[in-house]
Amino acid sequence: MALLEVSGLSKTFGGVRAVQDVSFAVEPGVVYAVIGPNGAGKTTLFNLITGIYTPCVGEIRLGGQPVTSLPPHALARLGMGRTFQNLQICMNMTAIENVMVGGHLSLDRNLIKGMLRFPAVRRADAALRERAAALMARVGLGDQLDVPAASMSYGGLKRLEIARALAATPRILFLDEPAAGFNPKETAEIAVLVREIADSGITVVLVEHDMKMVMSISDRILVLNYGKRLAEGTARDIRADPEVIAAYLGTAA
Amino acid sequence: MRRARIGLLVLAAILLALPLALPNAFYFDVVNRMAINAIVVLGLNLLIGFAGQISLGHAGFFGIGAYASAVLTTHFGWSPLAALVAGAVAAALLALAIAPPIFRLRGHYLAMATLGLGIVISIVIRNEATYTGGPDGMPVPPLAAFGFEIGGEREWYWVLAGLLLFSVWACQNLIDSPFGRALRALHGSEVASQVVGVDVTRYKVTIFALSAFFASIVGSLSAHYVGFVTPNCAEFFHSVELLTMVIVGGMASVFGSVIGAVLLTALPQALATIEGWETVAFGVILIVSMIFLPKGLVPTLAAKIGWGR
Amino acid sequence: MLAQLLQFVFSGLTVGATYALAALGFTLIYNASHVINFAQGEFIMLGGILTVVFLASGLPLPVAILLALLIPAVAGVVIEKLTIEPAKGAGVESLIIITIGASLVVRGLVQVWFGKGAATFPAFSGSTPIAVAGAALAPQSLWVLGSMAVIVVALWLFFSRTIAGKGILATAVDPLAAQLVGINTQRVLLVSFALAAAIGAAGGILLTPITMTSYDVGIMLGLKGFVAAVVGGLGSGPGAVIGGLLVGVIEALTAGYVSSAYKDAVPFVLIFVILFFMPRGLLGPKTTERV
């Protein structure tokens with residue numbers, strides 16, 4: 001059974017149809033890429049699925065359970081994680097604290113216990129800190145644990161986004177342009193990382209402009225154009241699809 | 001955290017040594033008022049500085065505590081401790097009741113809603129003169145519990161100093177706890193906290209209620225300490241004073257709250273001679289610190305000497 | 001019965017017109033800069049107090065009024081120059097706090113200079129009430145409502161017929177785009193503050209013969225003006241006017257039929273109701289936040 005099923009999803013912003021009747025399904029453990037020209041509705045699609053926007057029409061199922069219009073924090077509880085294209089990092093905190101926020105749901109968040117410094121809370125927090133440090137090492141930030149996020153480089157922040165999302169131990173992870181702004185070497189590193197994440201059992205849905213990366217790591221690819229589904233299939237199918245070629249190169253199909 | 005604990009020890013040492021340096025009851029009184037303000041400001045800073053949510057009506061909660069202690073003991077024969085708890089619970093419940101719609105709002109709507117709440121509370125206090133004495137205020141009996149009665153500036157000093165130390169310790173713990181981290185995270189990026197499972201509204205509501213609870217308790221203590229309450233304690237200007245303390249000391253800074261309270265409690269003593277100038281001074285301080293020292297004194301100084309937060 | 005209702009409505013519309021003017025002031029500045037100017041109420045206070053002072057110094061009424069409009073306008077420009085401009089780029093909360101600071105300075109200075117007493121001056125054209133269907137309508141109420149109508153029409157003409165007005169509207173919609181087509185957005189901000197201050201002051205001048213004034217009336221009037229702006233839908237001019245009149249009438253009806261002691265609480269309870277059930281107010285723009 002598919003882990004994520006999206007059927008007939010549409011979203012309109014004051015007359016602009018950002019996403020129109022999009023349907024697709026993602027099998028567990030795969031890397032599923034969503035591509036399309038700028039303004040094709042990729043990020044809007046992510047925002048709809050992860051609960052940031054409410055869809056006008058359509059249904060979303062996660063593990064067979066309907067999750068349409070649930071708020072983001074409820075979706076996180078069900079195992080949905082994501083990163084942001086435009087970087088949503090808490091600049092008022094250190095790098096590792098950002099990652100630890102990702103592990104929020106695994107902790108006892110009781111206010112009184114926290115205020116009175118209950119030993120059990122402290123121990124769990126220390127354990128999370130170690131886990132967060134390991135995740136930071138995994139994304140290549142092992143030497144920046146206690147650096148204030150505000151003083152980190154763009155590339156560091158992009159990696160931090162991934163570490164934070166992983167700290168939540170999601171079943172399905174949405175990565176919005178994880179390699180944007182990276183040079184070829186860094187992009188290759190991210191590609192390896194994404195593949196590793198998927199191989200560890202976390203399903204990855206990816207929006208990315210770097211076609212080399214998309215083609216090399218994706219199991220399936222969905223192509224959007226003007227908010228509509230243009231094509232779907234394996235990398236080979238997509239490369240050969242005349243409509244996709246037309247949309248990207250602007251020639252008549 | 002280690003630095004925070006050093007700060008706590010320094011504060012404890014100062015509080016222990018201070019009575020030796022204070023020449024008379026007048027100075028004890030000033031320090032006691034500083035402590036009272038510092039505790040409220042600590043709670044308010046959790047809301048404004050750490051969670052990033054403004055409140056312009058916090059004096060209202062202070063007023064609820066003050067008047068609970070005054071009215072319930074005087075007119076209904078409650079024990080001061082029961083009245084204090086009742087006031088704090090009432091303030092927290094009121095905060096919980098109105099917070100969910102309020103915290104769906106942002107920025108100026110939030111400022112407006114909290115301000116409106118404070119004004120409604122102070123209007124009630126002014127109007128229910130049968131119980132509250134109206135604009136003239138009313139006397140409050142001394143704080144007595146378990147057969148002890150706290151009287152005089154010196155006895156109060158130890159009570160308030162102890163409470164201040166506890167509050168600083170509890171705030172430090174809270175900020176460093178999972179709850180506090182989520183709170184700071186939603187200030188940093190609301191959407192990022194949401195997608196990792198932070199129920200943002202719930203956190204805002206909880207911290208709002210907690211700071212209301214704190215404010216009410218301190219309002220009660222302050223009423224017993226002064227022995228008299230007037231509606232001024234619940235009014236807009238008091239809310240602005242508290243806000244100024246948060247900002248001058250430093251948003252999201254525990255010791256900033258204490259320093260802000262100390263400085264701005266001392267200020268009116270210095271300006272007491274000319275009415276009106278106090279208002280001007282608070283206004284100028286607000287503007288100047290917002291423009292030139294937006295992070296507040298303590299964080300700015302800490303950054304200067306390379307101490308971080 | 002009906003006469004009594006009418007009486008309450010008259011007094012509600014009169015005070016509501018002042019709220020409407022204050023709300024227009026909020027709207028002007030909000031549209032130009034997304035700043036909520038918490039000092040708006042102090043302009044209302046300044047208008048009333050300055051007229052009292054100039055009349056007492058022997059100036060004729062029209063001159064006194066003119067000065068009482070001009071000085072707050074200058075004060076508005078000074079506040080913008082001295083406090084808003086240097087804080088460019090600060091967050092909404094910071095700007096709110098700054099304008100609160102400005103309002104404290106204005107109020108404190110007036111308190112020092114003028115004292116704490118209440119003051120007033122005679123109504124513009126006597127105080128013999130006009131009987132309307134059994135209710136008494138004060139001539140000053142007509143002045144208030146009439147002046148509000150004139151100001152509203154003038155604003156409408158300014159915004160729809162003049163280049164300066166259209167420049168302000170353009171800045172409201174998209175400051176960057178406005179700048180790109182050559183609009184001096186900095187001046188737009190100054191003009192907005194001056195206009196907002198003068199309009200607020202006009203409300204204060206008109207209302208003073210009815211309700212008196214003192215150094216501390218600004219907070220309440222300003223806040224109620226803000227409530228009116230929110231009720232009408234923040235950013236909407238017509239909304240500000242409707243919101244102001246509505247808040248005034250509801251307040252007067254509460255004072256008449258429920259409790260006059262609690263009339264000041266009405267706008268603040270109302271704002272909860274409005275924000276709870278229609279967060280964009282009556283005529284506010286519909287927007288979707290983008291991430």
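Hey, could you check the range C:147-162 for residues that are hydrophobic (A, V, I, L, M, F, W, C) and without any contact (Cβ under 8 Å) to a residue 40 or more places away in the chain and say which is farthest from C:Leu195 (Cα to Cα)?
That would be C:Ala149.
Restrict the check to the range A:53-76 and report whether at least one residue is of a type in the set (Lys, Arg), touching a strand residue (DSSP E or B) at 6+ places or on another chain (Cβ under 7 Å) and either within 13 Å of another protein chain (Cβ to nearest Cβ) or closer than 25 Å to A:Met215 by Cα (or both).
No, the range A:53-76 has no match at all.
Looking only at the range C:109-146, count how many residues are at positive phi and touching a residue at least 40 places away in the same chain (Cβ under 8 Å).
Counting residues in the range C:109-146 that are at positive phi and touching a residue at least 40 places away in the same chain (Cβ under 8 Å) gives 3.
Going by the structure shown, is B:Ile217 of a type in the set (A, V, I, L, M), assigned to a helix (DSSP H, G or I) and farther than 30 Å from B:Ala82 by Cβ?
Judged against the criteria, B:Ile217 is not a match.
Just the residues that are more than 30 Å from A:Val26 (Cβ to Cβ) and not aliphatic (A, V, I, L, M), please, taken from the range A:132-174.
A:Gly142, A:Asp143, A:Gln144, A:Asp146, A:Pro148, A:Ser151, A:Ser153
Please work out if C:Val74 is part of a helix (DSSP H, G or I), surrounded by fewer than 22 Cβ atoms within 10 Å (Cβ to Cβ) and free of Cβ contacts under 8 Å to residues at least 12 places away in the same chain.
no
Give just the number: which of (1) at pLDDT below 95; (2) within 19 Å of B:Val191 (Cα to Cα); (3) not assigned by TED's automatic domain parsing to the domain that holds A:Ile190 does A:Val101 not satisfy?
Unmet for A:Val101, out of (1) at pLDDT below 95; (2) within 19 Å of B:Val191 (Cα to Cα); (3) not assigned by TED's automatic domain parsing to the domain that holds A:Ile190: (1).
Can you list the strands (runs of 3 or more DSSP E) lying wholly within the range A:1-41 that have 1 or more residues being within 14 Å of chain C (Cβ to nearest Cβ), surrounded by fewer than 19 Cβ atoms within 10 Å (Cβ to Cβ) and in contact with a Lys or Arg (Cβ under 9 Å, 6 or more places away or on another chain)?
Ranges flagged: A:4-13, A:16-26.
Search the range A:202-216 for residues that are within 20 Å of A:Gly81 (Cα to Cα) and pair each with any residue that is of a type in the set (A, V, I, L, M) and assigned to a loop (DSSP other than H, G, I, E, B) when their beta-carbon atoms are under 8 Å apart and the residues are at least 6 apart or on different chains.
Within 8 Å, the pairs are A:Thr203/A:Leu3; A:Thr203/A:Val30; A:Val204/A:Val30; A:Glu208/A:Ala179; A:Glu208/A:Ala180.
Which condition from (1) under 20 Å from the mean Cα position of the chain (by Cα); (2) hydroxyl-bearing (Ser, Thr, Tyr); (3) under 22 Å from C:Ala229 (Cα atoms) is the one that B:Ser122 breaks?
The one condition B:Ser122 does not meet is (3).
Looking at the range C:88-105, which of the residues that are within 15 Å of B:Met251 (Cα to Cα) and among the small types (Gly, Ala, Ser) is nearest to the chain's Cα centre (by Cα)?
So the residue we want is C:Ser94.
Restricting attention to the range B:142-194, and to residues there that are in contact (Cβ under 8 Å) with a residue 40 or more places away in the chain and among the basic types (Lys, Arg), which single residue is farthest from the other protein chains (Cβ to nearest Cβ)?
Result: B:Arg154.
Given (1) surrounded by fewer than 24 Cβ atoms within 10 Å (Cβ to Cβ); (2) more than 19 Å from B:Ser193 (Cβ to Cβ), where does A:Arg77 come up short, assuming only one miss?
So A:Arg77 meets the others, but not (2).
For the range B:6-59, which residues satisfy the criterion of being β-branched (Val, Ile, Thr), crowded, with 20+ Cβ neighbours inside 10 Å and more than 14 Å from chain C (Cβ to nearest Cβ)?
Of everything in the range B:6-59, those that are β-branched (Val, Ile, Thr), crowded, with 20+ Cβ neighbours inside 10 Å and more than 14 Å from chain C (Cβ to nearest Cβ) turn out to be B:Val31, B:Ile36, B:Ile39, B:Val40, B:Val41.
Give the residue, chosen from B:Ser122, B:Ser177, that is over 20 Å from B:Ala215 (Cα atoms) and among the hydroxyl-bearing types (Ser, Thr, Tyr).
None of the others qualify; the one that does is B:Ser177.
Can you pull out every residue in the range C:156-172 that is surrounded by fewer than 19 Cβ atoms within 10 Å (Cβ to Cβ) and within 22 Å of the chain's Cα centre (by Cα)?
Residues satisfying the conditions are C:Trp156, C:Leu157, C:Phe158, C:Phe159, C:Ser160, C:Ala164, C:Gly165, C:Lys166, C:Leu169.
Is there a residue being within 14 Å of chain C (Cβ to nearest Cβ) and among the aliphatic types (A, V, I, L, M) anywhere in the range B:126-136?
yes
Scan (1) crowded, with 22+ Cβ neighbours inside 10 Å; (2) modelled with pLDDT of 90 or more; (3) away from chain C (no Cβ under 14 Å) for the single condition B:Val226 breaks and write down its number.
(1)
Of these, B:Ser122, B:Ser167, B:Ser177, which one is more than 20 Å from B:Ala91 (Cα to Cα) and of a type outside the set (A, V, I, L, M, F, W, C)?
B:Ser177
Given the structure, is B:Val71 closer than 30 Å to B:Val200 by Cα, in contact with a helix residue (DSSP H, G or I) (Cβ under 9 Å, 6 or more places away or on another chain) and modelled with pLDDT of 85 or more?
No, not satisfied.
Looking only at the range C:87-104, which residues are surrounded by fewer than 23 Cβ atoms within 10 Å (Cβ to Cβ), aliphatic (A, V, I, L, M) and part of a helix (DSSP H, G or I)?
C:Ala87, C:Val92
So that you can scan it fast, the table gives a plain yes or no per residue for (1) exposed (fewer than 15 other Cβ atoms within 10 Å of the Cβ); (2) within 14 Å of another protein chain (Cβ to nearest Cβ):
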position	(1), (2)
A:His104	no, yes
A:Arg109	no, yes
A:Phe118	no, yes
A:Ala124	no, yes
A:Gln144	no, no
A:Ala150	yes, yes
A:Gly156	no, no
A:Phe182	no, no
A:Glu189	no, no
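Answer yes if at least one residue in the range C:71-78 is within 14 Å of chain B (Cβ to nearest Cβ) and not hydroxyl-bearing (Ser, Thr, Tyr), and no otherwise.
The answer is yes; a qualifying residue exists.
With the requirement that a residue be farther than 22 Å from C:Lys224 by Cα and assigned to a loop (DSSP other than H, G, I, E, B), what does the range B:97-152 give you?
B:Glu128, B:Gly133, B:Gly137, B:Val140, B:Pro141, B:Pro142, B:Leu143, B:Phe146, B:Gly147, B:Ile150, B:Gly151, listed by residue number.
For the range B:263-276: of the residues being at pLDDT 85 or above and surrounded by fewer than 20 Cβ atoms within 10 Å (Cβ to Cβ), which is farthest from the other protein chains (Cβ to nearest Cβ)?
So the residue we want is B:Ala266.
Within the group C:Val273, C:Val227, C:Val269, which residue is at pLDDT below 95, buried (at least 17 other Cβ atoms within 10 Å of the Cβ) and within 14 Å of chain B (Cβ to nearest Cβ)?
C:Val227
The values are calculated or read from the model by the stated rules, or taken from the named source; none is laboratory data. Values in this document were obtained by computation on a predicted structure and should not be read as measured data. No Cβ is skipped: glycine too gets one built from the backbone with ideal geometry, and neighbour counts run over all protein chains shown.
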